[in-house]
Amino acid sequence: MAICLSTAAATVAVAVHAFTLGWTHSIEKVRWEEDWRVADGQLVLEAVRVRGHGAGMEPAQGAILRDGTWEWHPRTVHTELRLTRSEHTADYDWCAPDRACVPMSSILPSDGGVSRVAPCADAPSLQR
């Protein structure tokens, strides 16, 4: 199964079963990372890591602090992610297993609005 990244103008399929999204909080300037995997046609949030904390970035109950990074494992299930991508903040980082992280814009340019991330069973796959 592939992951479809889409904007109002385009869709790209990426041949992965797991990925990490990373970004820097626009106000607190703190790194946030989420590990996702596909299971039964849905997205499962496996782990969250936050290097610090601040407004709207409080670690979840049961989070563990390791070397300045809070980590927890929510294992919540989602049908899609809706990512607001603004020209006023840095883009999301897209990290696939065994590959270097790249700005999401190198896979799917932002249209300045919301990008959708969801499993896509029938879309043509592009290895990235």
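Here are the numbers for the structure shown:
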{"quantity": "Pairs where the first residue, in the range 77-91, is at negative phi and the second is surrounded by 13 or more Cβ atoms within 10 Å (Cβ to Cβ) and basic (Lys, Arg), C-beta under 8 Å, 6+ apart", "calculated": "GLU80/ARG116; LEU81/ARG116; ARG82/ARG116; LEU83/ARG116; ASP91/ARG85"}
{"quantity": "Criterion (part of a loop (DSSP other than H, G, I, E, B), at pLDDT 90 or above and farther than 20 Å from SER6 by Cβ) met by exactly one of PRO109, PRO74, PRO97", "calculated": "PRO74"}
{"quantity": "Unmet criterion (only one of (1) farther than 14 Å from VAL117 by Cβ; (2) of a type outside the set (Gly, Ala, Ser); (3) within 15 Å of the chain's Cα centre (by Cα)) for HIS17", "calculated": "(1)"}
{"quantity": "Extreme residue, modelled with the lowest pLDDT, among residues of the range 77-94 that are β-branched (Val, Ile, Thr) and either under 18 Å from LEU5 (Cα atoms) or in contact with a helix residue (DSSP H, G or I) (Cβ under 7 Å, 6 or more places away or on another chain) (or both)", "calculated": "THR84"}
{"quantity": "Residue that is surrounded by the fewest Cβ atoms within 10 Å (Cβ to Cβ) [pool: residues in the range 8-44 that are without any contact (Cβ under 8 Å) to a residue 60 or more places away in the chain and among the aliphatic types (A, V, I, L, M)]", "calculated": "ILE27"}
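The values are calculated or read from the model by the stated rules, or taken from the named source; none is laboratory data. Source: prediction; values computed, not measured. Cβ atoms come from the backbone with ideal geometry, glycine included; neighbour counts cover every protein chain shown.
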